[in-house]
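See below for the structure under consideration.
The values are calculated or read from the model by the stated rules, or taken from the named source; none is laboratory data. The structure displayed is predicted, hence computed values, not measured ones. Here Cβ is always computed from backbone atoms with ideal geometry, including for glycine, and neighbour counts include all displayed protein chains.
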Amino acid sequence: MRINGQFIPLLQAAQETGTAIVLATDNMDCFYDAIQTARTSSPPVRKSETTPFNTICRLFDDVLCSSTRRILKSEDPRRFFEHWLTSHALDFNNALLLDDLEKNCREFQAAGGTAIQWKSDLLDVEAGKFHSELKSWLQIS
C-alpha cells in the first residue's frame, strides 16, 4: 500500500484532535488480513526511504474492507459505512470520505457525508487545494 507522504502528518494531526481515521477499501480479504497483521507487528529496524507498511497501517483506527462487509462502497454507502458510524455514535454528517473515485464521493455525499476526491496524480496546485479542504474540515492548521 502506498500513501502520499503529505498525508501522514495530516492524519496524525487529525488523530491528535480525536478524529478517528478509518481505512475504507474495496479490496480482497488477503489485503484486509495483511493490514490487521501489520497493525500488530513490530516496526522494522532497518532504515527506509519510504514509510513502512506496518507504520502506515497504524495510522488507521479501524479498517472497513469490502471483502468483509460483502459490498462495495459505491454499491450502497449506507450499508458499507452505517454500522461503523452508528457503533461509534456518529452519522454521515460527521464523516468525511477521501476517495479517488468520483462515483464513491458522489454516493457518500448523497448519503449525507462530506467527500473530497483525491487522485494520486494531482498537480501541486490541486494537491494544495485538497490539503486546504482537508485541514478546513478537520479544523486543524
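One residue is enough: does the stretch 72-82 have a residue meeting the conditions modelled with pLDDT of 85 or more, under 27 Å from residue 130 (Cα atoms) and in a strand (DSSP E or B)?
No: the stretch 72-82 contains no residue that is modelled with pLDDT of 85 or more, under 27 Å from residue 130 (Cα atoms) and in a strand (DSSP E or B).
Pairs please, first residue from the stretch 96-107 and assigned to a loop (DSSP other than H, G, I, E, B), second anywhere and among the polar types (S, T, N, Q), Cβ atoms under 9 Å, 6+ apart in sequence or on different chains.
Once the first residue is assigned to a loop (DSSP other than H, G, I, E, B) and sits in the stretch 96-107, its partners that are among the polar types (S, T, N, Q) give 100/117; 100/120; 101/74; 101/117.
Counting just the residues of the stretch 75-86 that are touching a residue at least 24 places away in the same chain (Cβ under 8 Å) and surrounded by 18 or more Cβ atoms within 10 Å (Cβ to Cβ), which one comes out farthest from residue 112 (Cα to Cα)?
80
Considering (1) loosely packed, with under 13 Cβ neighbours inside 10 Å; (2) assigned to a loop (DSSP other than H, G, I, E, B); (3) at pLDDT below 85; (4) over 15 Å from the mean Cα position of the chain (by Cα), say which one residue 89 fails and leave the rest.
The one condition residue 89 does not meet is (3).
Looking only at the stretch 99-110, decide whether some residue is modelled with pLDDT of 85 or more, among the hydrophobic types (A, V, I, L, M, F, W, C) and over 23 Å from residue 14 (Cα atoms). Spell out the reasoning first.
At the first step, the residues of the stretch 99-110 found to be modelled with pLDDT of 85 or more are 99, 101-110.
From the residues that got through so far, the ones that are among the hydrophobic types (A, V, I, L, M, F, W, C) too are 101, 105, 108, 110.
So of that shortlist, the ones also over 23 Å from residue 14 (Cα atoms) come out as 110.
So far as the stretch 99-110 goes, yes, one or more of its residues are modelled with pLDDT of 85 or more, among the hydrophobic types (A, V, I, L, M, F, W, C) and over 23 Å from residue 14 (Cα atoms).
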